[in-house]
Each structure stands twice: as C-alpha cells, then as structure tokens.
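J.: First the structure, then my questions, so here it is.
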Amino acid sequence: MIFQSILFKNVADRGAEELPLAPDFFGDLNLDQIVATATSGREEYDLKPFYYLPLQDVDAITYRHEVMRDLEDPRLFEQITAFSTRMRTMRDCLTQAEKLSYDRQKERWFLDAVDAYCDAVTCLVHDLSLAQFTSRGLLAFREFIAGYAASETFCSLLEQTKKLKSDLASIRYCLLIDGLTVQARPYVDEPDYSAEIEATFERFKQGTVSRYPFEFINEPGMNQVEARILDLVVQLYPETFAALELYCAQHKDFADAMIVTFDREIQLYMAWLEHIAAFKKAELNFCYPSISQTTKEVYSQQGFDLALAAKLITEQAIPVCNDFYLTETERVIVVTGPNQGGKTTFARTFGQLSYLASLGCPVPGVEARFYLFDRLFTHFEREESIANLRGTLQDDLVRIHAILEDATPRSIVIINEIFMSTTFQDALLLSRKIASRILELDLLCVWVTFIDELASLGEKTVSMTSMVVPANPALRTYKIVRRAADGLAYAQAIAEKYRLTYDMTRERIGS
C-alpha cells in the first residue's frame, strides 16, 4: 500500500482545497461543544475542519478504526507524542527565526529547526521499527518514512546539519576590550585567574558571606553590540558562516510535505483518545461501532450524550445511559413523555453517535451499529428572528420543507418538538403530512414530540417514552424505553406547567 494519508484512505475524501465549515446541525446536536473540547490545546494543528468531513465509505472508516486501535497502545502513543514534540520544536524555531532582525542569528535558528526535524524523523523511524501494530495506515507510513530517512536527500541534509552544528560549536574566540574599542581574535589558551582571586580574598572572609548572583538576560534577540561582535567573529571564520548561509538558501523547503501532513493528521486520533480517556476514567464505556451502507438496522447499547457527560463529570456526576435499536423495516423513533425527561438529550445522543461513527471515532456505548448516511438534518426549535420576518409556525414550515426537499433515503433526520406554537389539531395535521413524507423516503428519523398519535403510524414507526419514578411522577429517571405512548406522563407535565394538578388545585381553592 502506497502511503498517502494517515487520516484518509482515499485522499479525495479530503474534499476541496478551501476549509470546510461546520455543518448546520452542529449547534443543535452540541457537536460544536464536543469538538471544541476535543481539540483544546491543539489549536496549532487546526483540527476542527477534519470534524466537518464525515466519510462516505465503510472501508475508509475501518481504516481509521485500525489506526485508532493501534494508538491505544500507551508505548506507541508516547512515541508519536515525542515525535510531535520535536516537530513543534522545529516550528517554534522557524517562528522565532522570522521574528529576528539579524541574518546570522536567523540562520542559526533555521539550523536548529532543521536539526529538530532531522531528530524527529530519525527517532520516529527507530521507534516505529520496533513497534508492533497492524493498521494499514501505520504500516504504510512506517515503510514510507523508513524509505525517506534512507534517501540521499535526507541523508545529505542530516550530514550537512551535523557538520554545521559541529563547526559552529567548535568556534572559540577572544574579545579585547579597550574603552569603547572591541576587537576579536582567535582563541588562545589562557589561564583562569578566578581560582587565584577567590583564594586571595578567602583570608578576608568573616562569618557567613552573602552571595550576589547575577543572572544574564537570556532573550532570543541580539542587541547592536552583540550583533557587531558576531560580525567580528564571522570575519574570523568566514568559511563556516558562508557554508551556513548557503545551507539556509539550499534547504528553505527542507521538511517533507508528507511528514508534516502526518504530524497534523495523527493529532485527530490522539486528541480523540485523550478526550474520551476522561470519560473512561469515570467508568463510561466507548466502542468501535460497526458501520453499514446497506442495512438500516441500527442499535446502541448504553449510549450517552457526550456534551452533557462532559458537564456532569465536572460536577462529579455521570449521565444516564440509554439503549435504542431499529430492526427490519423500522425507520422512525417517535419519542414522547414528560418535559425535562431526557427526550431532547436522547435525540442528540442518536445524532451525535451517528455522526461521530461516520468520522471513524469510538463512540459512547458498550456496542453499537450505525447506518452510513449521506446527509444529516436537524430541526430544533428556534427563537423568532426579526431578520426573516417570519413567525414561529411559518419558520417551522419553511425549515422542515427545505429538509424534506434535500433529504434522500440515505439521510438521517432529527426533529425536536416541532409546531409547539400552534393548536394541537393543526400540529397533528401538519405532523402527519411530514411523517408521511418521511416514511415515503424510508430514511432514518428520531422525532421528539408531544403528539402521541405519531408513535403508531405504522410498522416503520417505533414508540419510545421517557420514564418517571412510578411512586412519584414528578421525578424523572431520564431513561427512554420502547413502549407505547399513553399520554399520561405528558398530561401530568401539562398539569404541573399550568398548576392544575390535584394538589395544586386544592391548594389554590383552599387559599
């Protein structure tokens, strides 16, 4: 296998040259929060665009699964981290060189950058030669970088770099300072008088002697005096500095583009593994889901909302995990139940897991299988906007119409509480028309609604409800289970909302 990318089995999956934008549904599913947290601390790699490119091929996802599994080996993860640290040193040196004013100093920082790069390559070649892994991506990259390290181009670069560093390190000189006049000459071995001076003054020491250490300012830049002294030294060793100048001119593009790309792309795996490590520490499960482009039978065991879980863990709590599945001809999950019972969280979980699975990431849960969709659509409630001059109902209709126009049988649609601003009869009528179109398309859908009638539209529809504590319906369990919608929990929620429960009514009458 010829190595092209550690992240994309098919380079064409990278898409267009311009950076992709976050999909419209990211905010609805809180994927923007998840990605922001996962990429925190790695801003220099600009990883977010990779999260905006779902894969469209099962084998491309398997390709990523293989690499991710290999990187779960702590030793290999540590070795790749060490490589990335050296590459970061290279970039830091180049950045510093650009900030400096004096050419000779810029050249030395450039040499240090190349040295860090050569060190990164040689160390990684050694580490990978001893490592055990099986992924196609890493095996191909190991073969590529081993060949590159053995190439005449790299070997010449490495040899020149070592020689220049050695030549510069061997430079010795003396400064002759007479008033405002400074001269430089080749170094001549001279005695160190500091020991004699200390011995002379030792006899005058009385009691404990205070020390007054002086710390030299260690800043990257040089002042004019230092620069002038360096010019004098250059005159003493013209051949060495001429070789450095030529070296910098010849190796402006020293870093191999494939290795630089590898350094960036491998961060997606490492960032995600580090991100989910905190959840695993809280004893939450993750799995590598199976992916299908042919069957729409999907399931997840003990899945949870990653964004919510991140918030709860900081509060020393853990999320409630839920299961779901669709078999044979089942396509639509209709979720009903009381408000604040976890219905929207369940819908987000379905969307999050489906999308993260399409990226090749391990997802929350013990076991899972997902359908590889072509597009994912969400319809969540929006606040009225003055900009579009539409009321809530009209906006709902415009948005859902646009979704159904673009959706295909391979799409996933997630609807959360549509038509809340109209009467029940109107909402039921409109919802049935939308459901008819969804069922006709045969796409996968999760629909959170207060309309129980939608849960029994046919064999393609599955009813799931959010549960309450039987002894106290006011307490939510946040468990969503497959069962017929009965409307009781919703009636209880409505009664509480308008203070019309039995206890509340008695209290009001009594007062």
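J.: Would you be able to say whether some residue in region 322-332 is under 27 Å from SER292 (Cβ atoms), surrounded by fewer than 17 Cβ atoms within 10 Å (Cβ to Cβ) and of a type in the set (Phe, Trp, Tyr)?
T.: There is at least one residue in region 322-332 that is under 27 Å from SER292 (Cβ atoms), surrounded by fewer than 17 Cβ atoms within 10 Å (Cβ to Cβ) and of a type in the set (Phe, Trp, Tyr).
J.: Can you name the number of the only condition in (1) modelled with pLDDT of 90 or more; (2) out of contact with any Asp or Glu (no Cβ under 6 Å at 6 or more places or on another chain); (3) under 26 Å from GLU297 (Cβ atoms); (4) of a type in the set (A, V, I, L, M, F, W, C) that LEU429 fails?
T.: Condition not satisfied by LEU429: (3).
J.: Can you pull out every residue in region 206-251 that is among the charged types (D, E, K, R) and modelled with pLDDT of 95 or more?
T.: GLU239, GLU245
J.: Taking the stated definitions as given, is SER170 more than 18 Å from THR240 (Cβ to Cβ) and either surrounded by 10 or more Cβ atoms within 10 Å (Cβ to Cβ) or among the hydroxyl-bearing types (Ser, Thr, Tyr) (or both)?
T.: Answer is no for this residue.
J.: Something else about it: Can we say PHE419 is surrounded by fewer than 20 Cβ atoms within 10 Å (Cβ to Cβ) and modelled with pLDDT under 90?
T.: Answer is no for this residue.
J.: I need the full set of residues from region 20-35 which are assigned to a helix (DSSP H, G or I) and either surrounded by 14 or more Cβ atoms within 10 Å (Cβ to Cβ) or basic (Lys, Arg) (or both), in order please.
T.: Once the filter is applied, which keeps residues that are assigned to a helix (DSSP H, G or I) and either surrounded by 14 or more Cβ atoms within 10 Å (Cβ to Cβ) or basic (Lys, Arg) (or both), region 20-35 yields PHE25, PHE26, LEU31, ASP32, GLN33, ILE34, VAL35.
J.: If I ask for residues that are part of a helix (DSSP H, G or I) and surrounded by fewer than 16 Cβ atoms within 10 Å (Cβ to Cβ), which ones from region 36-52 would you list?
T.: If the condition is that a residue be part of a helix (DSSP H, G or I) and surrounded by fewer than 16 Cβ atoms within 10 Å (Cβ to Cβ), then ALA36, THR37, GLU43, GLU44, PRO49 are the ones that fit.
J.: Identify, please: which residue in region 473-511 is of a type in the set (Lys, Arg) and part of a helix (DSSP H, G or I) and is, among those, modelled with the highest pLDDT?
T.: Going through the qualifying residues, I end up with ARG506.
J.: Could you list, in sequence order, all residues of region 270-308 that are closer than 20 Å to GLY41 by Cα, surrounded by 14 or more Cβ atoms within 10 Å (Cβ to Cβ) and either among the charged types (D, E, K, R) or without any contact (Cβ under 8 Å) to a residue 60 or more places away in the chain (or both)?
T.: GLU274, ALA278
J.: Please go through (1) assigned to a helix (DSSP H, G or I); (2) under 18 Å from the mean Cα position of the chain (by Cα); (3) touching a residue at least 24 places away in the same chain (Cβ under 8 Å) for LEU55 and return the number of the only condition it doesn't satisfy.
T.: If we test LEU55 against (1) assigned to a helix (DSSP H, G or I); (2) under 18 Å from the mean Cα position of the chain (by Cα); (3) touching a residue at least 24 places away in the same chain (Cβ under 8 Å), just (1) comes out false.
J.: Moving on. Please find, within region 279-325, the residue that is nearest to PHE350 (Cα to Cα) out of those that are outside any loop (DSSP other than H, G, I, E, B) and β-branched (Val, Ile, Thr).
T.: Result: ILE291.
J.: Could you go through region 413-425 and let me know if any residue there is outside any helix (DSSP H, G or I) and free of Cβ contacts under 8 Å to residues at least 12 places away in the same chain.
T.: Within region 413-425, one or more residues are outside any helix (DSSP H, G or I) and free of Cβ contacts under 8 Å to residues at least 12 places away in the same chain.
J.: Here's something else I'd like to know. Would a scan of region 458-471 turn up a residue that is outside any strand (DSSP E or B) and crowded, with 20+ Cβ neighbours inside 10 Å?
T.: No, that holds for no residue.
J.: Separate question: What number of residues within region 237-269 satisfy the criterion of being within 30 Å of GLN316 (Cβ to Cβ) and surrounded by fewer than 18 Cβ atoms within 10 Å (Cβ to Cβ)?
T.: So the answer is 0.
J.: Okay, next question. What do you reckon, is PHE380 under 21 Å from ASP406 (Cα atoms), surrounded by fewer than 24 Cβ atoms within 10 Å (Cβ to Cβ) and not β-branched (Val, Ile, Thr)?
T.: yes
J.: Which one of these is among the charged types (D, E, K, R), assigned by TED's automatic domain parsing to the domain that holds ILE266 and free of Cβ contacts under 8 Å to residues at least 12 places away in the same chain: GLU98, GLU143?
T.: GLU98
The values are calculated or read from the model by the stated rules, or taken from the named source; none is laboratory data. These numbers come from a predicted model, not from an experiment. Positions of Cβ are generated from backbone atoms using ideal geometry, with glycine treated the same way; all protein chains shown enter the neighbour counts.
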